[in-house]
Structures are given as structure tokens and as C-alpha cells.
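Below: the structure, in C-alpha cells.
The values are calculated or read from the model by the stated rules, or taken from the named source; none is laboratory data. Computed from a prediction, not measured in an experiment: that's the story for all the values here. Cβ: placed from backbone, ideal geometry, glycine included. Neighbour counts: every protein chain shown. Just the protein is used for accessible areas: all its heavy atoms, side chains included, with ligands, DNA and RNA removed. Shrake-Rupley method; radii C 1.70, N 1.55, O 1.52, S 1.80 Å.
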Amino acid sequence: MRKIWFYVTLMVVFGMFLPLVRAAELPSVSRVLDYALCRGLDQDGLPLERIEQFSTEDGKIICWVFLEEVLEGETLRWEFISPEGAVFESILIIEETKKYVGAQGILDLLSNASKIVPGEWKVRFYVNDHLVFENSFVLIESNVLGSKDIDEAIQRTLALLEEFGYKVLNIGLSEDNQAFVQMQMVSKDLSQAVWNQIGFGFESLRRLFPGASWFLVQLVLDGEYALSFQVRALDFLLWREGKLSKDEFWKKKVIRYVYNIREKKEIEDVSRFYFEKFGVVY
């Protein structure tokens, strides 16, 4: 697949850079070892991402909880509360005593479409009617799929990316059927916010160009480097459907390459670049 490079001086900038999405704090309850808000789970039953902003076109919102020692007959309950106070419940009754278990409460945005409103929501998690924790998340209105043509769909996608705090530089479809989006990198570190940005970039391209064979998200760091993440559309869909693990997707399916914008040359040793620049082996 041909690589696409962008030159910063030729780009049109859409939107404003917003603060990073705050990370949820782990509740101080001994039985809750971890939890996250996400759009889906991978093959290992782990969150695809950890986010607190969603769009109304995401299909569903998951509150995943990892618990220590659940007992047969216990009831796990999630309440998703809209800005207007409407409550949507998700209930799971434990059928077997286990030492550890990952469980998910789901807010189905599709089946409840007529009742879903944008704004700040809350999610509350209960064990046997005992409130364990409460967290908030933001639901942003989106209607990319309802666009009358591709130009309107692109403009709506740009507006949505802005709402998520991403500064978009370019977006489109190449001649070899590769959908691409270029954005300013939201952090100078490889934080969770960056992985969320890449994942949401892939998701935006899937929604905008469903017939594309490849997706490319390129992040510009300080106007000096362009970090590219390229994946086959099929592999992205398999990951989103829970048929690939996180490690297999990011380490084996996502192709990485880096371009030095100032020197106008590709960096050959990508692994060394990530280690020297971010202190990580990737």
C-alpha cells in the first residue's frame, strides 16, 4: 500500500485545539480492581479504549468493570442517566462464583435512539443495590451517516473531530482507496489520549468512507514529525468486533512509519525513534 505524506505548510486547519479528555479515577472499593468507559471490548474482553467522550453514532457505550471475587446470585447493575434525568438500566446476575470477573453494562444508543440526547451523562454501578461508584461522560451529537453527499459528510466529520478536541489538518480518500486523516497530536507523550485519538480517527474514516480498503491516521508532532498509523479496514473492523486482541491489533496489524517534516525524509528505524522520543518499545 502506497504511503501518503503531507506537508504542513500546504494544509488547511479546521477547528481549535481543546484540552485532553480527563481520565477516570479508580474508585476506592476493594472489589473493583479496574474499570473503564469504552465503545467495545477486544478478543480478551478488555476495553478497546478508555474514554469519556462519545458520539451519538457510536452504537453503544460500555461501562466495563473488573471485579475481585463475585458470588453466585449477586446482582450487578449499571444506571446510565441522561442530562434530563432519564435512567437506562443494564443488569447482570452472577451465575457462578468466581475469583475474578470482567463485566459490562451497556447503553444501547441504537435501540434507544429516540430517547438519547447529547450532553453530560452519568453512569452509576451497583453491586446488590449498593452504589460502588459514579462517573460522568459526554455524549456529542453526530449525524455523519445522514449526510446528503460526501462533502456534507466530510464537514460533519470535521465538526465532530473538533468537538472531541482534535485539530484536523487534512482528510480525504486517495486514488488507491485509502482513507486518511491528519491531525495535530494531542500530546507530546504516547499517553492514553493519543491512542484514543488514533482509534477515533480510524472510526471516523470507517464511518466516512465505508468502502475504503485502508485507513491512515497521521499525527503531526511539533511541526517536526509526522507519525503514521496505517491499517487494513478489515483488520480494524475485526478488532472493533472483538475478534482481535489489543496486542495483536496494535503490534501486528497497524503499520507504523515516521516522516521527518523538516528534513523531508522518512525515518528508517521506527522502533528506535519511539524508544528515543517516547521511551517506549513499540
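The set of residues in the range 35-76 that are among the small types (G, A, S), in contact with a Pro (Cβ under 7 Å, 6 or more places away or on another chain) and in a loop (DSSP other than H, G, I, E, B) is empty.
What helices (runs of 4 or more DSSP H) lie completely within the range 169-278 and have 1 or more residues being closer than 26 Å to E57 by Cβ and open to solvent by 20 Å² or more (accessible area, probe 1.4 Å)? Explain how you work it out, then say what you get.
Values: elements: 192-208, 233-240, 270-278.
Correct list: 192-208, 233-240.
Do we have E79 as outside any loop (DSSP other than H, G, I, E, B) and modelled with pLDDT under 95 here? No: the conditions fail for E79. Can we say L161 is assigned to a strand (DSSP E or B), under 20 Å from F229 (Cβ atoms) and either open to solvent by 50 Å² or more (accessible area, probe 1.4 Å) or at pLDDT 95 or above (or both)? No. With respect to the conditions (1) of a type in the set (D, E, K, R); (2) in contact with a helix residue (DSSP H, G or I) (Cβ under 6 Å, 6 or more places away or on another chain); (3) at pLDDT below 95, D222 falls short on a single one, namely (2).
Among the residues of the range 10-24, are any open to solvent by 40 Å² or more (accessible area, probe 1.4 Å) and either modelled with pLDDT of 90 or more or among the acidic types (D, E) (or both)?
Going residue by residue through the range 10-24, those that are open to solvent by 40 Å² or more (accessible area, probe 1.4 Å) are 10, 12-14, 16-24.
Filter again for either modelled with pLDDT of 90 or more or among the acidic types (D, E) (or both), leaving none.
Checking the range 10-24: not a single residue is open to solvent by 40 Å² or more (accessible area, probe 1.4 Å) and either modelled with pLDDT of 90 or more or among the acidic types (D, E) (or both).
Any chance the range 126-137 includes a residue that's under 25 Å from the mean Cα position of the chain (by Cα), surrounded by 12 or more Cβ atoms within 10 Å (Cβ to Cβ) and either without any contact (Cβ under 8 Å) to a residue 12 or more places away in the chain or within 24 Å of W239 (Cα to Cα) (or both)? The answer is yes, given that some residue of the range 126-137 is under 25 Å from the mean Cα position of the chain (by Cα), surrounded by 12 or more Cβ atoms within 10 Å (Cβ to Cβ) and either without any contact (Cβ under 8 Å) to a residue 12 or more places away in the chain or within 24 Å of W239 (Cα to Cα) (or both).
Taking Y282 as the residue in question, decide whether it is over 25 Å from T56 (Cα atoms), surrounded by fewer than 21 Cβ atoms within 10 Å (Cβ to Cβ) and at pLDDT 95 or above. Before the answer, list the steps.
Working: over 25 Å from T56 (Cα atoms): yes; surrounded by fewer than 21 Cβ atoms within 10 Å (Cβ to Cβ): yes; at pLDDT 95 or above: no.
No; evaluated as a whole, the condition is false for this residue.
For every residue, the table says whether it meets (1) farther than 18 Å from L67 by Cβ; (2) modelled with pLDDT of 95 or more; (3) assigned to a strand (DSSP E or B); (4) open to solvent by 70 Å² or more (accessible area, probe 1.4 Å).
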residue	(1), (2), (3), (4)
G85	yes, yes, no, no
S90	no, yes, yes, no
K99	no, no, yes, yes
A103	no, yes, yes, no
I106	no, yes, yes, no
L110	yes, no, no, yes
E120	yes, yes, yes, yes
R124	no, yes, yes, no
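Against the condition open to solvent by 20 Å² or more (accessible area, probe 1.4 Å), outside any loop (DSSP other than H, G, I, E, B), of a type in the set (D, E, K, R) and in contact with an Asp or Glu (Cβ under 6 Å, 6 or more places away or on another chain), how does R156 come out, does it pass?
Working: open to solvent by 20 Å² or more (accessible area, probe 1.4 Å): yes; outside any loop (DSSP other than H, G, I, E, B): yes; of a type in the set (D, E, K, R): yes; in contact with an Asp or Glu (Cβ under 6 Å, 6 or more places away or on another chain): no.
No; evaluated as a whole, the condition is false for this residue.
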